[in-house]
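Read through the structure below, which is laid out as structure tokens, and then see the notes.
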Amino acid sequence: MKTCTIQNEYWTLEVAPEYGASILNLSAASGRSVMRPVNTESVHSSSDTAMFALMPYSNRIRDARFEFEGLTVQLRPKAGSTLIQHGDVRNRPWQVQKISETQIRCTFDSREFADVNWPWAFTAQMEYHLSGPHCDTALTLTNVSDSIMPAGIGLHPYFQRLQGGQEPTLQFEAGGWYATDENSLPLGGAQAIPAALDFSSARQVGDAQIDAVFASWEGTARLNWPQRSLTLTADNVFSHLVLFTAPDGSLALEPVSHATDAFNLASRGVHGTDMKTLTPQQSLSGAVRLSLEGDW
């Protein structure tokens, strides 16, 4: 597998161009993993990486189908399922340009792939930039078709929970939460957050198994260990946050621009899902920053 690496005095970041320009490994300069460590020989899809991009929508779409502008849009469901998830850029090759020792620009054009599972043509860009103790990821999605299209962007990072054998506390604030069915699809609009999922005060996740989507996220999430901390800060476009306790023990904190299955919820008249639309040549963009503090 070809990889591209950038680094500075705080970070080392390794990217896999052929798997959606996903992050293979993100570690502190000491070698301590910030995202879950990945053995490149075991990577067979972006699901095996440390972070991948979600475009032109995030998370799941019920029955791989939705209504938009008076049309029924039918997509191809993933193998062995009735739904579809995480967009269609994460397992495709991207063009990667190393701008400098601390910056990479990645680009994607859906028109180069005849089998893209999306009826509108679009381009995508992702930039990684290391600046002191900060690691920035900027996303841009552009509609290059000749009609309006629904749109969404997001990131799916897996963070290393155990640091020095210790669990972190997690803290973030949000305005609501979506009750979901057995396929993690929302049943309706956002509701009050139950106590078991309230992380407005810092506490450990512990043994809880969580796959939850939060609405009206205020844009910051913080992991604190006794000797170090990691802060995730996102632009306002990322109004929702997905919290997922992965089977491998890592913790996914996913900044996304809309609720899971937002296109179907919006067509049902559910408000607050933050579904976006893009006219021809219009773009949707936003950036997410990771910041290190303490002894990394």
Original post:
What are the GluC sites (Glu not before Pro) within segment 75-147 that DSSP puts in a loop, where the Cβ has at most 15 other Cβ atoms within 10 Å?
Top reply: Glu101
Original post:
Dividing the Cα convex hull volume of segment 4-294 by residue count, how many Å³ per residue is that?
Top reply: 126
Original post:
At what distance in nm do the modelled label points of Glu218 and Lys98 sit from each other, each positioned 7 Å from its Cα along Cα→Cβ?
Top reply: 4.1
Subject >> Burial ordering of Met51, Met35, Met1, fewest other beta-carbon atoms within 10 Å first >> reply: Met1, Met35, Met51
**OP:** With a cut-off of at most 16 other beta carbons within 10 Å, and DSSP calling the residue loop, which trypsin sites (Lys or Arg not before Pro) in segment 178-270 qualify? Please list them.
**Re:** Arg268
Original post:
In deg cm²/dmol, rounded to 500, what helix-only [θ] at 222 nm does the chain give when every DSSP H run of at least 4 residues adds -39500 (n - 2.57) and the total is split over its residues?
Top reply: -500 deg cm²/dmol
Original post:
Tell me, how many Å apart are the Cα centres for segment 212-278 and for segment 98-174?
Top reply: 13
Original post:
What Kirkwood radius, in Å to one decimal, follows from the Cα pairs of segment 12-156?
Top reply: 16.2
**OP:** Please report the base-10 log of the normalised intensity I(q)/I(0) for segment 167-296, using a Debye sum with one equal scatterer per alpha carbon and no solvent, at each q in 0.11 (1/Å).
**Re:** -0.41
Original post:
Taking the highest mean first, how do the peptides 20-32, 71-83, 253-265, 173-185 order by number of other beta carbon atoms within 10 angstrom per residue?
Top reply: 253-265, 20-32, 173-185, 71-83
Subject >> Length released on extending from Ala79 to Glu41, taking residue separation times 0.36 nm less the Cα-Cα span >> reply: 11.3 nm
**OP:** For Ala29 and Asp198, compute 0.36 nm times the residue count separating them, minus their Cα-Cα distance, and round to one decimal in nm.
**Re:** 57.5 nm
Original post:
Exactly which GluC sites (Glu not before Pro) in segment 9-45 are in a DSSP loop and have at most 10 other Cβ atoms within 10 Å?
Top reply: Glu9
**OP:** Determine, for Lys276, Lys2, the number of other Cβ atoms within 10 Å of each Cβ, and report the residues in order from fewest to most.
**Re:** Lys2, Lys276
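Read the figures in this text as sums done on the coordinates, not as results from a lab. Source: prediction; values computed, not measured. Note that each Cβ is placed from the backbone with ideal geometry, even for glycine, and that neighbours are counted across all protein chains shown.
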